[in-house]
Amino acid sequence: MLNLITLTEKSMKRNTIERRCFLKTTAALAAVSVAAPAFAQTKDPNSKLNVACIGTAGRAAASVDGVKSQNIVALCDVFAPNLAKRKEQYPNAKQYADFRVLFDELGDKLDAVTVGTPDHTHAVASIAAMKRGIHCYCEKPLAHNVYEVRRMMRLAKEKNLVTQMGTQIHATDNYRRVVELVQAGAVGKIDDVHVWCAKGWGGKTFPPETAPIPEGLDWDLWLGPAAMRPYSPAYVPGGWRCWWAFGSGTMGDMACHLMDLPFWAFGLDYPKSVEAISGGKPDPEATPTALTAKFLFPRKGGNDLTLTWYDGNGVRPSILKEKGLPEWDMGVLFVGSEGMLLADYGRIMLFPEEKFKEYKRPEPSIPKSVGHYEEWIKAIKDGKQTDALCRFDYAGPLTISVLLGTVAFRVQQKLEWDREKETVTNSPEAVKLLKRDYRDGWSVE
């Protein structure tokens, strides 16, 4: 592992002073009293939930908007301009830079929280909320590493909380129709699935060029549990996905959306083995520009399912060209004994087209979703955890599978996963990557 460049004592002291000032300022921006959550007291479905939103811009903006029907009482963001912008929309919401301060002040007044931060702070924020009995919505992937995912799953179960991972496409009609076709046997017995995304997050050089910390950004808080390192525009706002310290490349960014489809259709959970079959030489700091990984999933009463993931700019499964199929930028191809089913977020095609020209698709059987965020809100109010279809006990195994794909690449070994022991059994090097070291004050325990 390359040594990280550390901040000078002077700059660290300046950052600490700025952070303290920023915390005081943002906490005082909206000194509005927040009443105890009406819903928690009455359990009246007509009452609004008291919700805190951690992360307010980028992907997190969708989460804020997704719960705007409820009572948004707090907004948290490490970048002051993001908070200032959101204040215009939610003037009565208290504002914070540090979610730990938010929970210390308002923890007993919250029903629910949304977490839309970069991946490396998903778990610390979500776990801090769930420890207080707060229902949790967290963006994908659920966490930065396997240990964090397991911790989140267990805590949600122990606290009997309603949870949801941000795989919004799960709520679409198209995904439902694909699942129905697969389960109806439209293309026969399926033992092989190809999943791809033809874009690339990775290939960076470490150490990246540094620059002054932007005004209003609390760099110490942005780093959270990660080791201290100088600010770089290569990390913020979106480049963090290209670095193992914060993200997990294209696979971590997109596989939870696309692999969700075969997970749902086949009722998958954990793979029995994972191996990276391309991706080049691993870099200890930066994610690869392209990665192909093969998963073997056990299935009750049938053959194992082989699922192959492909990512990288312009990368697609060779079977598309070989079979004369459309070469979409992303998609899922189910290869069956009687044909093939190709799908993405909004399209479904059956091949050979001539064979399926007169095929009558099954009547819809999976109920229409009320909406991805609405599912979670309704499940909280109704007290029905299973109505949140991407709850952590479903999303956890999906995320762990995705993360194991990146670990297999980093150690260049085929990994064997023990579902009972919840660990890799054949690679001490891989086991080390299932958890990270945490800075003081950022524990997930």
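Evaluate the Kirkwood expression for the hydrodynamic radius of the stretch 388-445, namely the inverse of the mean inverse distance over all pairs of different C-alpha atoms, and round to one decimal in Å.
When all Cα pairs of the stretch 388-445 are included, the Kirkwood radius is 12.9 Å.
In terms of Cα to Cα distance under 23 Å, which lysines are near enough to Lys85, apart from those fewer than 8 places away along the same chain?
The reachable lysines, counting only those whose Cα sits under 23 Å from Lys85, are Lys24, Lys68, Lys94.
If you count only protein heavy atoms and use a 1.4 Å probe, how large is the accessible surface of His372, to the nearest 10 Å²?
His372 has an accessible surface of roughly 10 Å² with all protein chains in place.
Considering only protein heavy atoms, what per residue accessible area in square angstrom results for the stretch 379-434 with a 1.4 angstrom probe?
With all protein chains present, the stretch 379-434 gives 43 Å² per residue.
So what's the Cα pair-distance distribution over the chain, bin width 10 Å, in %?
P(r) over the chain, rounded to whole percents: 4, 21, 30, 26, 14, 4, 1, 0.
Rounded to the nearest 10 degrees, what's the angle between the helix 372-382 long axis and the longest principal axis of the chain, both from Cα atoms, 0 to 90?
Helix 372-382 sits roughly 70 degrees off the main axis of the chain.
Pull out the extension gain between Lys321 and Asp418, defined as 0.36 nm times the separation in residues minus the alpha carbon to alpha carbon distance; nm, one decimal.
31.3 nm
Using only Cα atoms, find the angle between the long axis of helix 249-258 and the longest principal axis of the chain, and express it within 0 to 90 degrees, rounded to the nearest 10.
Rounded to the nearest ten degrees, it is 60.
Taking 35 Å as R0, compute the FRET efficiency from the Cβ-Cβ separation of Lys159 and Asn426 and round it to 0.05.
Efficiency computed from Cβ-Cβ geometry: 0.55.
Among the trypsin sites (Lys or Arg not before Pro) in the stretch 227-332, which ones are in a DSSP loop with at most 14 other Cβ atoms within 10 Å of the Cβ? Mind listing them?
Within the stretch 227-332, the qualifying trypsin sites (Lys or Arg not before Pro) (loop, at most 14 other Cβ atoms within 10 Å) are Lys272, Arg299, Lys300, Lys323.
How much length would be gained if the chain were fully extended between Asp65 and Ala227, taking 0.36 nm per residue of separation minus their Cα-Cα distance, in nm to one decimal?
55.1 nm
Determine how large the accessible area of Arg151 is when every protein chain is in place; take a 1.4 Å probe and give Å² rounded to the nearest 10.
Its heavy atoms expose roughly 50 Å² to the probe.
So which lysines pass the test for Lys281, namely a Cα distance under 24 Å, with those fewer than 8 places away in the same chain ruled out?
Lys281 reaches Lys199, Lys204, Lys294, Lys414, Lys432, Lys435.
For the stretch 327-408, what's the radius of gyration and Dmax over Cα atoms, in angstrom?
Cα only, the stretch 327-408: 17.4, 48 Å (Rg, Dmax).
Rg to Rh ratio, the stretch 258-305, alpha-carbon atoms and Kirkwood radius?
In the stretch 258-305, Rg relative to Rh is 1.08.
So, with a 1.4 angstrom probe, what is the percent of accessible area on the chain that is carbon and sulfur?
Ligands and nucleic acids excluded, carbon and sulfur give 51 percent.
What is the Cα radius of gyration of the stretch 63-198 over 2.2 N^0.38 Å, N being its residue count?
Normalised Rg, Cα atoms only: 1.28.
Please state, as a whole number in µm²/s, the translational diffusion coefficient that the Stokes-Einstein equation yields for the stretch 222-297 at 20 °C and 1.002 mPa s, with Rh defined as the Kirkwood radius across alpha carbon pairs.
The estimated diffusion coefficient comes to 149 µm²/s.
In Å, what Rg and Dmax follow from the Cα atoms of the stretch 110-164?
9.7, 28
Report Rg/Rh for the stretch 77-128, rounded to two decimals, where Rg is the Cα radius of gyration and Rh the Kirkwood radius.
Rg divided by Rh gives 0.95.
In whole Hz, with x marking every Gly and Pro, tabulate ³J(HN,Hα) for the stretch 72-89 from phi via Karplus 6.51 cos²θ - 1.76 cosθ + 1.60, θ = phi - 60°.
Along the stretch 72-89, the couplings run 7, 9, 8, 10, 10, 7, 7, 10, 3, x, 4, 5, 4, 5, 6, 4, 5, 8 Hz.
Can you list the residues of the stretch 53-96 with backbone N under 17 Å from a point 7 Å past the Cα of Tyr345, pointing along Cα to Cβ?
58-66
Express the accessible area of the stretch 145-282 per residue in Å², computed with a 1.4 Å probe while the remaining protein chains stay in the model.
Dividing the accessible area of the stretch 145-282 by its residue count gives 33 Å².
List residues of the stretch 292-325, by number, whose backbone nitrogen lies under 17 Å from a label position 7 Å along Cα→C-beta of Glu354.
Only 323-325 fall inside the zone, counting backbone N under 17 Å.
By how many degrees, 0 to 90 and rounded to 10, does the Cα axis of helix 146-158 deviate from the longest principal axis of the chain?
The angle comes out near 80 degrees.
The values are calculated or read from the model by the stated rules, or taken from the named source; none is laboratory data. Small disclaimer: the values here were computed from a predicted structure and weren't measured. FYI the Cβ positions are ideal-geometry reconstructions off the backbone, even for glycines, and counts take in every protein chain you see. When the accessible area is computed, the model is the full protein with side chains, heavy atoms only, and any ligands, DNA or RNA have been set aside. Shrake-Rupley method; radii C 1.70, N 1.55, O 1.52, S 1.80 Å.
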